[in-house]
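All remarks here apply to the structure that follows.
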Amino acid sequence: MSLKQLNKIQRAAVEATDGPILIFAGAGSGKTRVLTHKMFYLISEELYKPDNILAMTFTNKAAKEMKERVMELLDTDNLPITIGTFHSVCARLLRIEAKHLDLSPQFAIYDVQDQLDLLKVTLKKMNITKDTLAPNHARNQISYFKSKMITPSAQARKARTILEKTIVEVYSAYQKGLRENGALDFDDLLLYPLELFDKHPKILKKYQNKWKYILVDEYQDTNRPQFHFLTRLSKNNHQICVVGDDDQSIYGWRGADVSNILDFEKFFPSCRIFTLEKNYRSTQQILDAATSVVTNNDRRTEKNLIAANGSGELIGLMETRDELEEADCIISVLEKEIKLKKRTFSDFAVLYRTNAQSRSMEDSFRRMGIPYNIVGSIRFYSRKEVKDVLAYLRLVVNLRDTISLRRIVNFPPRGIGMKTMDKCVQQSVIDKIELFDVLENAGKLSIRGKQSESLSSFYELIKKYHDLRKKLSANELSRSLIEEAGVLKLFKKSTDPDDQERYENVVELLNSIDEFCQKRPDSTLSDFLEEVSLLSDIDHWNDSDNRVTLMTVHSSKGLEFPVVFVSGLDDGLFPLYKALETKEGLEEERRLFYVALTRAQERVFLLYATNRRRMGGENVLGMPSRFIGEIPNDFLDRIQFESALTRRVIGGSLQKKTKVTVMRTVTTFDDFKAGDMVEHSIFGPGKIMVLSGTGENQRVGVVFKDGTKKKLIVKYANLKKIS
């Protein structure tokens, strides 16, 4: 395998291996190809051994794909190279070195919900009400402090108001709570390695010797702890190569610092810089429109992206009257694209600024029978019954995990309420023992005999499997524990129809543990729990499904689609009003818009509404996003659209509430009957098998020519009788 498939600049960047390297990779310019070929080059030219290379990414999906591509280039099934996300690499490092930080190697990793649960317990202990400080606000503040490497003591010196001082006290108590539970949150995974390196220079030296060459993907998204992690590891030999695009830095709200990439040369004065400007994804029209907006930002690196795919079509711009018509408009365009260009549903992505915008889209897609997939909805591992089972497994691994203990001590129901748990907590303080150990002698508590027996039985169950955790495989232990705990029996016996789905979800979880063990025979239950806790929304996205993808612009980063709809381009929604308060906020929104457009390979449609229902249910008059005004008219194709609904705005102004009346234009409905042959604009010809209702409420079940079965509402489906 040679480097012939790389262009001149890509190849030069790959072959540059001496000293720090900064690669500015414009959207769609082949940065993943450069990274994978660079790893291939380092290994095949015997410049570095595979186990001396560290490659950092931001999603498990990207890490997996990158490793597979390098293995393919090297034609090998075994590659002892460290490729992973910052969080997963740091988690593995901490498990190895845990004793040096007085941590258990079996520490739990708390996700957002776990953090909120711990904060609720913390706030309750401190007698702080939700009105004074909401758990979510406290979590966000604490996460912000950690991303800036601000300790509770450092923040205490800055606190002035009562609320600021309260947050610092909660921050300190929260950290203590994590320690007591033998747990780390996501931010701790990045901070603890730095503490380890500071306290133990020999351990830092150990990893500097291990990882002699470092590669970093999406470097523009690194925050302060990640920056320090990388600079400390590369301090001696400066053998580091970072790839990124400052125009795609969109995570400032969670601590990412675009200056890390813009000032890379300042931190590494001897660095060599390469700029990848040939775009292999989008058309020139798309690139020029996106660039025309982002060039309004002051602090950025100049790039001149040239499309390998030619000029392409103009950017479609569509004005709609409200969010309902916006959804109708998207479906109308989607139908035409499918009909005229033979596209499939998976060719389309609908992007929006906030998750709340998906509702009207979902409603319209369901009515029309259009299959869709939402990225960012409730993830499988976040569903209650799945989290309950995971809590059993986490407690078995880490008996100090009181958040998991509280979650499952009464699941399945054992007659143990909050008052009983409060008594257990009080007893643990009196006896100076762990909360779990209180359950061993539940008879000491002033509770009813039945509750005491339930607590003792629960203790024995968990202790039994805790002792077995090193003797049984992860899947054997999980199946046996969940069966004995009565979880499957609870859902199987239930008459609640939703419990059947919960049963299937638990079975699916157990199946996923089986698959994990098959892929990694030497893995432990801790390994599985770690992998689950570090999954992101995009890791679950399956691009092989023939469905329209709905997602926020943030979730779309790194993906590409033939056709992209950017909806909700109203000023105040995209960009958000809050972002307009600072220059930095507006510049990040511009970069976000740039990311949205450059997800598209062939076509982009921009949509805004002159009237939109906002939070609180009120309708507000909308103005097109200022970003639309920053695109030259020559790049835009203004498309007129009229839906079947007529909505009239009565009164109102930009400041006042408005009232909207909705009327349906006269529509006639065919008198359908079972057996009729019909044609649908997307699914083609089919046969009505069943129907119910009449007029606007008529529903039909249709089997289409390709075997697809759909239930449709006649007034939305626009079915036509055919002979």
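The values are calculated or read from the model by the stated rules, or taken from the named source; none is laboratory data. The model shown is predicted, which means the values in this text are computed figures rather than measured ones. Don't worry about glycine lacking a Cβ; one is built from the backbone with ideal geometry, like all the others, and counts go over all protein chains shown. For the accessible areas, the whole protein counts, side chains as well, though only heavy atoms, and no ligand, DNA or RNA atoms are used. Shrake-Rupley method; radii C 1.70, N 1.55, O 1.52, S 1.80 Å.
Could you say whether any residue in the range 304-320 is open to solvent by less than 20 Å² (accessible area, probe 1.4 Å), over 30 Å from Val548 (Cβ atoms) and either aliphatic (A, V, I, L, M) or modelled with pLDDT under 95 (or both)?
Checked against the condition, which is being open to solvent by less than 20 Å² (accessible area, probe 1.4 Å), over 30 Å from Val548 (Cβ atoms) and either aliphatic (A, V, I, L, M) or modelled with pLDDT under 95 (or both), the range 304-320 yields no hits at all.
Open to solvent by less than 30 Å² (accessible area, probe 1.4 Å), among the charged types (D, E, K, R) and farther than 18 Å from His238 by Cα: does that describe Asp187?
So Asp187 passes the test.
For the condition assigned to a helix (DSSP H, G or I), open to solvent by less than 60 Å² (accessible area, probe 1.4 Å), among the hydrophobic types (A, V, I, L, M, F, W, C) and under 27 Å from Asp347 (Cα atoms), what is the one hit in Ile250, Ile286, Ile261?
None of the other options fit; the residue is Ile286.
Might you check whether a residue that is surrounded by 18 or more Cβ atoms within 10 Å (Cβ to Cβ) and at pLDDT below 85 occurs anywhere in the range 437-446?
The answer is yes, given that some residue of the range 437-446 is surrounded by 18 or more Cβ atoms within 10 Å (Cβ to Cβ) and at pLDDT below 85.
Going by the structure shown, is Phe274 out of contact with any helix residue (DSSP H, G or I) (no Cβ under 7 Å at 6 or more places or on another chain), buried (at least 17 other Cβ atoms within 10 Å of the Cβ) and within 30 Å of Asn237 (Cβ to Cβ)?
Criteria not met by Phe274.
A quick yes/no check of all residues on (1) farther than 24 Å from Thr524 by Cβ; (2) among the hydrophobic types (A, V, I, L, M, F, W, C):
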position: Ser88; (1), (2): no, no
position: Ile109; (1), (2): no, yes
position: Asp114; (1), (2): no, no
position: Lys120; (1), (2): yes, no
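Test each condition in (1) surrounded by 18 or more Cβ atoms within 10 Å (Cβ to Cβ); (2) under 30 Å from Ser480 (Cα atoms); (3) of a type outside the set (Phe, Trp, Tyr); (4) under 18 Å from the mean Cα position of the chain (by Cα) for Val375 and report the one that comes out false.
Of (1) surrounded by 18 or more Cβ atoms within 10 Å (Cβ to Cβ); (2) under 30 Å from Ser480 (Cα atoms); (3) of a type outside the set (Phe, Trp, Tyr); (4) under 18 Å from the mean Cα position of the chain (by Cα), only one is false for Val375: (2).
Select, from His554, His540, the only residue that is modelled with pLDDT of 90 or more and open to solvent by 10 Å² or more (accessible area, probe 1.4 Å).
Exactly one residue qualifies, and that residue is His554.
So which of Ser382, Ser358 is of a type in the set (Gly, Ala, Ser), in contact (Cβ under 8 Å) with a residue 40 or more places away in the chain and under 18 Å from Tyr608 (Cβ atoms)?
Result: Ser358 is the single residue among Ser382, Ser358 that is of a type in the set (Gly, Ala, Ser), in contact (Cβ under 8 Å) with a residue 40 or more places away in the chain and under 18 Å from Tyr608 (Cβ atoms).
Residue check: is Ala349 closer than 30 Å to Gln10 by Cα, open to solvent by less than 40 Å² (accessible area, probe 1.4 Å), touching a strand residue (DSSP E or B) at 6+ places or on another chain (Cβ under 7 Å) and outside any helix (DSSP H, G or I)?
Criteria met by Ala349.
Using the structure shown, decide if Leu399 is under 35 Å from the mean Cα position of the chain (by Cα), part of a loop (DSSP other than H, G, I, E, B) and crowded, with 16+ Cβ neighbours inside 10 Å.
yes
Does any residue in the range 566-581 that is open to solvent by 20 Å² or more (accessible area, probe 1.4 Å) come within less than 8 Å, Cβ to Cβ, of a residue that is hydrophobic (A, V, I, L, M, F, W, C) six or more places away or on a different chain, and which pairs are these?
Asp571/Met623; Leu580/Leu586
Would you list the helices (runs of 4 or more DSSP H) that sit entirely within the range 483-595 and hold 3 or more residues that are within 28 Å of Arg321 (Cα to Cα)?
553-556
Among all residue pairs at least 6 apart or on different chains, which show Cβ distances below 6 Å where the first residue, located in the range 497-509, is surrounded by 19 or more Cβ atoms within 10 Å (Cβ to Cβ) and the second is among the acidic types (Asp, Glu)?
Close Cβ pairs (under 6 Å, with a partner that is among the acidic types (Asp, Glu)) amount to Arg502/Glu385; Val506/Glu385.
Please specify each residue of the range 80-91 satisfying the condition of being more than 17 Å from the chain's Cα centre (by Cα) and in a strand (DSSP E or B).
Result: Thr82, Ile83.
Does any residue in the range 64-93 that is touching a residue at least 12 places away in the same chain (Cβ under 8 Å) and within 25 Å of Pro105 (Cβ to Cβ) come within less than 8 Å, Cβ to Cβ, of a residue that is surrounded by fewer than 17 Cβ atoms within 10 Å (Cβ to Cβ) and of a type in the set (D, E, K, R) six or more places away or on a different chain, and which pairs are these?
Close Cβ pairs (under 8 Å, with a partner that is surrounded by fewer than 17 Cβ atoms within 10 Å (Cβ to Cβ) and of a type in the set (D, E, K, R)) amount to Pro80/Asp51; Ile81/Asp51; Thr82/Asp51; Gly84/Arg92.
Please identify the pairs in which a residue from the range 252-277 that is among the acidic types (Asp, Glu) has its Cβ atom under 8 Å from the Cβ atom of a residue that is open to solvent by less than 40 Å² (accessible area, probe 1.4 Å) and part of a helix (DSSP H, G or I), counting only partners at least 6 apart or on another chain.
Asp257/Phe227
Take Thr667 and tell me if it is touching a Lys or Arg at 6+ places or on another chain (Cβ under 8 Å) and either part of a strand (DSSP E or B) or modelled with pLDDT of 75 or more (or both).
no
Conditions (1) within 17 Å of Val243 (Cβ to Cβ); (2) more than 28 Å from the chain's Cα centre (by Cα), marked per residue:
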position	(1), (2)
Pro20	yes, yes
Ser44	no, yes
Lys49	no, yes
Leu93	no, no
